[in-house]
Amino acid sequence: MREPSDNALAAAEAIFFAHGGVMRTGEALEAGIHRRTLYWMRDHGKLEALSRGVFILASAPLPESPDVAAVMRRIPRAVLCLVSALEYHGIGTQIPNAVQIALPRNVTPPKFSYPRVQVFSMSDAAFRAGVEEHSMVGAQFRVYGVAKTVADCFKYRNRIGFDIAMEALQETIRSRRATPAQVMRYAKVDRVEQVMRPYVQALM
């Protein structure tokens, strides 16, 4: 493959830097980077693949959570949830063994060979509730707020473990990251009010 011109390479690097150093293939092409330039940069170590179709500029700082950055760039509609959201908010001691994301029930996610992804399908009401927008490597991504995440942990306690849900609830209330009323509001959305009420009341 013929080497792109210095101007083409400089322009491509500038576009990547403007996007925080991370772009999807489609984003790069739409931004004006020629496909040949993109693949030459990949083949010559100027770009590194975070996952299929997601690249980071080799000279850019590595994201704090590259797996999360790769998944959220590839599936912009997804919302970071459960243990991945707890880790993002700095709650609990668990380290997720996969990037956990929520999607509406009627959405089929793309397949990932790497990183490992766990998808939790939610009703429209549960999917929309409690979403916050944050920034990572120059792009917005979505994550559930603390109170919604705690309620979700109880809803999916059989999949992630009851001990994780309890640890999240206790730390959230005791550190005042959310009030009991806020947690119970999302417990109602998730239909786990009856399950959570005695545990929340014990912490009040």
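The values are calculated or read from the model by the stated rules, or taken from the named source; none is laboratory data. Keep in mind the model is a prediction, meaning the values are calculated, not measured. Methodologically, a virtual Cβ is constructed for each residue, glycine included, from the backbone with ideal geometry; neighbour enumeration extends over all protein chains shown.
Applying the criterion of being among the β-branched types (Val, Ile, Thr), surrounded by fewer than 24 Cβ atoms within 10 Å (Cβ to Cβ) and touching a Leu at 6+ places or on another chain (Cβ under 8 Å) to the residues of the range 144-179, the residue that is nearest to PHE16 (Cα to Cα) is ILE160. Residue count for the range 77-115 satisfying the condition of being in contact with a Pro (Cβ under 9 Å, 6 or more places away or on another chain) and more than 21 Å from VAL183 (Cβ to Cβ): 7. Taken as a whole, the range 45-65 holds no residue that is surrounded by fewer than 23 Cβ atoms within 10 Å (Cβ to Cβ), part of a helix (DSSP H, G or I) and not charged (D, E, K, R). Quick check, is GLN170 in the same structural domain as ASN97 (by TED's automatic domain parsing) and at pLDDT below 95? Judged against the criteria, GLN170 is not a match. Just one of the listed residues (PHE120, PHE127, PHE141) is modelled with pLDDT of 85 or more, buried (at least 18 other Cβ atoms within 10 Å of the Cβ) and in contact with a His (Cβ under 7 Å, 6 or more places away or on another chain), and it is PHE141. If you go through the range 13-34 and keep only what is within 17 Å of GLU3 (Cα to Cα) and in contact with a helix residue (DSSP H, G or I) (Cβ under 6 Å, 6 or more places away or on another chain), you end up with just ILE33. When GLN194, GLN182 are checked against the criterion of being surrounded by fewer than 13 Cβ atoms within 10 Å (Cβ to Cβ) and either in a helix (DSSP H, G or I) or of a type outside the set (Ser, Thr, Tyr) (or both), GLN194 stands alone in meeting it.
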